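K.L.:
Encoded as structure tokens, here's the structure I'll be asking about.
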Amino acid sequence: MAFHVIDTIEHRAEWTNRYPDSAAKGDGLLVILAPSEPLPDASLTGQAVLIHRPDGSVSEHVVASVEEGANDVPGLFFRGLRAADVPRGSTVSAWPRNSDS
């Protein structure tokens, strides 16, 4: 399963203190996925995914939470990341959990 990144929003302590729900998540990055994508399954929370950047580099990060924004736009929140870590145009790929692990 792959998701296409159309935008990102950085969460930083400097402004999240005014938004208790955001502040509770801590610093990190909300990755906005294409609205045509289905909402990622909540079981992705706590799971590692691969970020395929437009420059061809790949990194692995753990999903802190699955989000549903205004107009049902899907998103993924990653703790400790910045916009440069997941630039627009990236693809997030997830794989099904292995029930044997």
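K.L.:
Among the residues of region 18-32, is there at least one that is modelled with pLDDT of 80 or more, of a type in the set (A, V, I, L, M) and over 16 Å from residue 5 (Cα atoms)?
P.N.:
The answer is no; no qualifying residue exists.
K.L.:
Provide a single number: the residues in region 5-17 that are in a strand (DSSP E or B) and either within 12 Å of residue 75 (Cβ to Cβ) or modelled with pLDDT under 80 (or both).
P.N.:
Adding up the residues that qualify gives 6.
K.L.:
Right, another one. Residue check: is residue 48 of a type outside the set (Phe, Trp, Tyr) and modelled with pLDDT under 95?
P.N.:
no
K.L.:
Going through region 36-54 one residue at a time, which ones are assigned to a loop (DSSP other than H, G, I, E, B) and of a type in the set (A, V, I, L, M)?
P.N.:
Of everything in region 36-54, just one residue is assigned to a loop (DSSP other than H, G, I, E, B) and of a type in the set (A, V, I, L, M), namely 39.
The values are calculated or read from the model by the stated rules, or taken from the named source; none is laboratory data. Computed from a prediction, not measured in an experiment: that's the story for all the values here. All Cβ positions, even for glycine, are placed from backbone atoms using ideal geometry, and neighbour counts span all protein chains on display.
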